[in-house]
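What follows is a set of notes on a single structure, which appears directly below.
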Amino acid sequence: MNIMNTRLSSEDRERIRQSLQQKYSKVAESPEGKFRYPVGRSGLEGQKYDLEILKALPEEVLSAYCGVGNPFLLGPVHEGESVLDIGCGAGVDTLVAALMVGPQGRVAGVDVIPEMLRRARENLARTTIENVEFQEASAENLPYPGESFDVVISNGALNLVTDKMSALSEAFRVLKPGGRFMMADQVLVSDAPVDTRSMVESWAR
Ligand SMILES: C[S@@+](CC[C@H](N)C(=O)[O-])C[C@H]1O[C@@H](n2cnc3c(N)ncnc32)[C@H](O)[C@@H]1O
């Protein structure tokens with residue numbers, strides 16, 4: 001089974017949407033104990049985030065992190081650049097990017113779960129950062145014109161997206177010529193699910 005191209009029925013997509021909503025509305029309260037990998041500050045430190053940047057963010061913000069890797073290890077983000085965070089969750093990477101681009105840059109975060117976006121906006125309000133906006137939008141249909149961003153980041157989100165080809169094509173559409181796409185995600189190392197039903201049931205686990 002090729003997970004990139006599997007055709008999902010509208011019922012399958014709806015079941016996946018509901019299971020994501022169920023899981024991530026709880027993750028928005030706290031990611032602790034809801035993932036098989038370290039989250040919060042220990043996740044960030046284990047994934048070698050810049051300790052100076054972490055120092056600039058309140059502990060309550062750091063505790064909301066549930067990414068799987070560190071997209072910022074893939075290359076620099078420069079002062080004054082524009083960055084989009086796809087599947088921003090509670091906005092920890094979005095805020096890290098905002099500190100990297102500084103007041104002359106701008107950063108946007110999109111997510112599909114309203115509770116995660118509420119937490120992201122609360123996290124933003126806990127800082128003095130001003131050049132960040134969060135929007136409810138799906139990776140498959142980004143609400144930005146083409147060639148809008150210097151850098152697109154994503155952390156732990158694309159594995160959850162049902163139409164991965166559209167999401168990748170959207171990420172490249174909104175990148176400026178010469179822009180960088182820096183993502184971290186999970187890969188399947190065991191056998192793929194034997195059928196669509198078990199794949200749908202395990203989607204948000
Ligand atoms: C594991 S969390 C990671 C959150 C954040 N990137 C971080 O590192 O803390 C995955 C996020 O992807 C979001 N997500 C899932 N499907 C999405 C989609 N189609 N479009 C945008 N975001 C999506 C979820 O709502 C969730 O907030």
Inset, instruction - Answer yes or no: is there a residue in region 191-203 that is surrounded by 15 or more Cβ atoms within 10 Å (Cβ to Cβ), touching a strand residue (DSSP E or B) at 6+ places or on another chain (Cβ under 9 Å) and more than 21 Å from LEU57 (Cα to Cα). - result: no
Inset, instruction - Can you confirm whether region 172-180 contains a residue that is surrounded by 15 or more Cβ atoms within 10 Å (Cβ to Cβ), out of contact with any Lys or Arg (no Cβ under 9 Å at 6 or more places or on another chain) and closer than 21 Å to ILE16 by Cα? - result: no
Inset, instruction - Among the residues of region 117-144, write down those that are more than 10 Å from the ligand (Cβ to nearest atom) and assigned to a helix (DSSP H, G or I). - result: ARG118, ARG121, GLU122, ASN123, LEU124, ALA125
Inset, instruction - Within region 23-73, count every residue that is in contact with a Ser or Thr (Cβ under 8 Å, 6 or more places away or on another chain) and of a type in the set (Asp, Glu). - result: 1
Legend entry - 1 or more residues closer than 16 Å to ARG126 by Cβ and more than 8 Å from the ligand (Cβ to nearest atom): qualifying helices (runs of 4 or more DSSP H) within region 1-113: 40-46, 51-55, 59-62, 92-101
Inset, instruction - For GLN18, indicate whether it is loosely packed, with under 13 Cβ neighbours inside 10 Å and in contact (Cβ under 8 Å) with a residue 24 or more places away in the chain. - result: no
Legend entry - Complete set of residues in region 150-173 that are within 15 Å of the ligand (Cβ to nearest atom), in contact with a Ser or Thr (Cβ under 9 Å, 6 or more places away or on another chain) and more than 28 Å from ASP12 (Cα to Cα): VAL151
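Bear in mind that the values in this text are calculations on the coordinates, not laboratory data. Since we're looking at a predicted model, the values are computed, not measured. As a convention, Cβ positions derive from the backbone with ideal geometry for all residues, glycine included, and neighbour counts pool all protein chains shown.
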